Each structure stands twice: as C-alpha cells, then as structure tokens.
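Chemist: Let me begin by handing over the structure; questions about it come next.
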Amino acid sequence: MTVTGSVKILLIEDNLAEARLLQEFLKQAQSKEFSVVHVQRLQDGVKELSRNELFGAYDVILLDLTLPDSEGLSSLPKLINCLPSIPIVVLTNTNDDALAIEAVRQGAQDYLVKRQVNVDLLVRSIHYAIERKQVLESLRTTNQTLENRVEERTAELVRAKELNQFKSEFVSMLSHDIRNPLNTILLAAGLLQDNENQLTTEKKHSHFQMIRAAIKNMAQLLDEVSLIGQADSGRLQCDLICLNLEAFCLQIVDEIQLASGAKQIAVAFHSSGTIEDALWDESLLRHILGNLLTNAIKYSPPGSTVNFELIGQQNAIAFRIQDQGIGIPELDQQRLFQPFQRAGNVGSIPGTGLGLAIVKKCVDAHGGEIFVDSKVGIGTTFTVILPLLKL
C-alpha cells in the first residue's frame, strides 16, 4: 500500500508493470494528492471493498477488464453490487474500445486506453468519474424521493377512495338497518290508529310490544355505531375499576341465557389459573363478552353447548368462547372485524355486522388481542387476551 494523499483509489490490475506506471503517474500529479491500494485479482478487490465498506475507504476504483479471475464485463456487476456508490474507471487495451464503451453503458463512469494514459489524462478521468458519480447519486436520491412521494400520495388516494366507498356503504347499510324497525313502528302505529275500535286489548298490547322492540333495536344500533365512531376518533377511553372477574362473567352468562332461552343452549362456564385482583373497564368487558356469547348462541344449533373459559395467566387474563355452530368461511375471516361485514353462510340469521367490530375496538382499547379459530360446520373459538392492570 502506498499512502500519498486524500483521494483514495483501489487499483485492480494484474500487470505489475502497468500498475507501477499508473501509481507513478499519480505521484507526479500536481492538482491533487492520491493514495492507492493495489490488488491483482477481482476477488481481492471485492474483499478489500467489503472490509472497508463501513468506513467509506475508497473514492474511486481503477479496474482492468482482463484479470486472472474475471474477464471483460463480468467484473463490473460484482463491484457495483458490492458498493454501488463508488465510481469506476475501466482500463482497457487499445483494441478493447468497444468493450470499454459497453462498460460505461453498464455503470462505469469512464474508461482509459492504457497505452494512451498520461498524468493529466489519468487525473482528469479520476476527477470526472467522481463528479459524474456524485451527480448520478444525487439524481438517484432525488428520483427515489420523488418515487416515494408518488407512492405515498397514491396510497393516500387509494385510502381516501376506500374511505369514501366505506362511508357510502356504511350510510347505505345503516339506512337499511334503521328502515326495518322504522317500518315496523309505522305499520304497528298505523294499525293502532286505523283499527283502534276493532282491535282487542291483547292485539293492542302485541302492537305496542312490537313498537317498543323496534325502538330498542334502533337505539341499540345507534349506540353501536356511536361506539365505533368514538373508537375511530380516539375517544374510546378505559374507565378502570376493580372487578371480581368470575362473578362478572357469571352475571354476563345469566343475562345472555335469560335473553336467549328459547334456543335452549347451555353456556358452560369454567375458570382456571390464578385470577388476581386487577383493574378493568366494565363497559368494554360487557361489550366484548356480551357480543361474543350472543354470537355463539345465535349461530349454534338448538340444544348445543357453548363453552366459556376464564383463564388466569402470569400477566394477562384470557377469555375463550367456543361454540358448535355454523363456523366462519376462511375468506370471511379476513374481514371479520370490519363494520357491517357478515359471513357469507349466515343465511337469514338476523344481525347488523357490528358486533365483532365493536369487540375488536374494545379489545384494542384495553391493549389486548383477539384470535379466531373456525371451521365451517364444526364451530368457532374466539380467544381474547387482555393484559393485567394490577392495583
């Protein structure tokens, strides 16, 4: 190694006489000082570049196109792949002009015919190669920045389009789901108004019940939409209190079974592990467990059993709800937690498609995770894991 200045050159040349001549020319240069490391094989050049990659050791490479372990243009991509930011000047014999020009097309910055090289030509070629490479790198960086901006803007436009489409579908579905109970109310109210004298007390009572049920369904739907809106806007907060989880879960089970007693589906509750005292949001837990248990019962055949497990873990609590119902097709599982999305095999089973979206929002607000394992015709298991927030 010869150290003579600030421009650092890696010379890859197997002809020792020509290598010495080039180094001598660089010593004679008046405009700039140079330091040269000389290797005779391409493999050694790649090793030298790899060894000094982190330190930016070289400003330019002088590359002979006829080496013992590489011939012609095959040398060039190996060096460019090793360190693409370093400019390369190829060295060729008099009859290799076409090869040298092709090397420039493929990424070299300049070429020199060995028999024509002198001090000024060598120094000028090195300086030009470095400057050209810097300009190319600057252009490449600018282009990459522009490409990134175009990609980001394109992604924003796609998201905006998807959001507008979702809003349109959201309004359409919400209007549809509200219209049904409204029609029920209008129908029942019309019958009461037009046939007041003809209707028996029992019939009037039945129509009033229909109206109350429809109003309750509308209120529930609006509450669910409101909760999703709060979550999307970041306003869904945890109101933490100390809960006896086992007692809370048993209470939820009693409420769910009472509301769905006609299907005669048993909910078997089990707890295991250590259930430590911790802080929970009662409203969020009620949404999570209530929706999952209601769905399990809704999509299960009469007379079957829903298993509900509460599992104490070291730093978390797991809720596992397993049914023997219709199951969820694999393709539908990918969009399961999006609002107004329902599986393709639900048929005429009523539902808004908001329940699981609410469950996911509530699980996220609690800093937890939710997993689903389902097979069509066999059943579905939902597992919710929530971190312990100890007193």
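Chemist: Please sort 241-250, 222-231 by packing, taking for each peptide the average over its residues of neighbouring beta carbons within 10 angstrom, highest first.
Modeler: Details: 241-250: 14.0, 222-231: 15.7.
Descending mean neighbour count gives 222-231, 241-250.
Chemist: Of the chymotrypsin sites (Phe, Trp or Tyr not before Pro) in region 275-375, which ones lie in a loop per DSSP and count no more than 11 other C-beta atoms within 10 Å?
Modeler: Values: sites: Trp280, Tyr299, Phe308, Phe319, Phe337, Phe340, Phe371; in loops: Tyr299, Phe337, Phe340.
Qualifying residues, ordered by number: none.
Chemist: Moving to a separate point now. Considering only protein heavy atoms, with the full assembly of protein chains and a 1.4 angstrom probe, order Met210, Met218 by accessible area, largest first. Let's see the in-between values first.
Modeler: Numbers: Met210 75, Met218 40 Å².
Putting Met210, Met218 in descending order of accessible area: Met210, Met218.
Chemist: Continuing with this model, one more query. Quantify, in whole percent, the carbon and sulfur part of the accessible surface of the chain (1.4 Å probe; protein heavy atoms only). Provide the component values of the computation, followed by the final result.
Modeler: Numbers: 11390 of 22050 Å².
Solvent-exposed carbon and sulfur of the chain make up 52 percent of the total.
Chemist: Between beta-carbons, use under 12 Å as the cut-off and find the net charge around Leu22, counting Lys and Arg +1, Asp and Glu -1. Before the final figure, lay out each step's value.
Modeler: Details: positive: Arg20, Lys27, Lys114; negative: Glu13, Glu18, Glu24, Asp64.
Every neighbour counted, the sum reads -1.
Chemist: Continuing with this model, one more query. Pull up the DSSP beta bridges for the chain and report the antiparallel fraction as a percent, rounded to 5.
Modeler: Details: 27 of 52 bridges.
The answer is about 50 percent antiparallel.
Chemist: With bins 10 Å wide starting at 0, give me the P(r) of region 348-389 over every alpha carbon pair, in whole percents.
Modeler: All Cα pairs, binned at 10 Å, distribute as 24, 45, 27, 5, 0 percent.
Chemist: Please report the antiparallel percentage of DSSP beta bridges with both residues in region 189-313, rounded to the nearest 5. Numbers along the way, then the final one.
Modeler: Numbers: 3 of 10 bridges.
Of the beta bridges lying entirely in region 189-313, close to 30 percent run antiparallel.
Chemist: May I pose another question? For the chain, place one equal point scatterer on every Cα, skip the solvent, and apply the Debye formula. What is log10 of I(q)/I(0) at q = 0.07, 0.09, 0.11 Å⁻¹?
Modeler: The Debye formula, applied to the Cα set alone, gives -0.62, -0.70, -0.82.
Chemist: Kindly give the semi-axes, whole Å and largest first, of the ellipsoid equivalent to region 248-370, taking each as the square root of 5 times a Cα gyration tensor eigenvalue.
Modeler: Working: eigenvalues 111, 69, 32 Å².
The three semi-axes for region 248-370 are 24, 19, 13 Å.
Chemist: Same structure, new question: Can you list the HN-Hα couplings for region 83-88, worked out from phi with the Karplus curve (6.51, -1.76, 1.60; θ = phi - 60°), rounded to whole Hz and with x for Gly and Pro?
Modeler: 9, x, 8, 8, x, 10
Chemist: Could you work out the relative contact order of the chain? I mean the mean sequence separation of Cα pairs under 8 Å and 6+ apart, divided by the number of residues, in percent.
Modeler: Working: 575 pairs, mean separation 38.7, N = 391.
Averaging sequence separation for qualifying contacts and normalising by length gives 10 percent for the chain.
Chemist: Have a look at the DSSP beta bridges in region 1-122 and tell me what percent are antiparallel, nearest 5. Present the calculation step by step, with values, prior to reporting the outcome.
Modeler: Working: 3 of 21 bridges.
For region 1-122, the DSSP antiparallel bridge percentage is about 15.
Chemist: Additional query: Could you state the accessible area per residue of region 9-142 in Å², with a 1.4 Å probe and every protein chain left in place?
Modeler: 52
Chemist: Give me the net charge of Thr383's neighbourhood, meaning all other residues with Cβ under 14 Å from the Cβ of Thr383; Lys, Arg count +1, Asp, Glu -1. Could the numbers behind the result be given before it?
Modeler: Values: positive: Arg320, Lys360; negative: Glu309, Asp323, Glu369, Asp373.
In short, -2.
Chemist: Taking K and R as +1 and D and E as -1, what net charge do the other residues with C-beta under 13 Å from the C-beta of Val119 add up to?
Modeler: Values: positive: Lys27, Lys32, Arg124; negative: Glu24, Asp120.
That works out to +1.
Chemist: Something else now. Per residue, how many Å² of accessible area does region 223-317 show with a 1.4 Å probe?
Modeler: Numbers: 4700 Å² over 95 residues.
Counting only protein heavy atoms, the per-residue value for region 223-317 is 49 Å².
Chemist: Further question on the same structure: Give, in nm to one decimal, the length gained when the segment between Ala247 and Val376 is fully stretched (0.36 nm per residue of separation minus the Cα-Cα distance).
Modeler: Working: separation 129, 0.36 × 129 = 46.44 nm, distance 3.28 nm.
Gain on stretching Ala247 to Val376: 43.2 nm.
Chemist: Taking amide H atoms as placed 1.01 Å from N in the peptide plane, list the residues 5 or more away in sequence, or in a different chain, whose amide H sits under 5 Å from that of Ile9.
Modeler: Ser35, Val36, Val37, Asp59
The values are calculated or read from the model by the stated rules, or taken from the named source; none is laboratory data. This structure is a prediction, so every number in the text was calculated from the model and none was measured. Because the Cβ atoms are built from the backbone with ideal geometry, glycine has one as well, and the counts that use them run over all protein chains shown. The accessibility values were calculated without ligands, DNA or RNA, using every heavy atom of the protein model including side chains. Shrake-Rupley method; radii C 1.70, N 1.55, O 1.52, S 1.80 Å.
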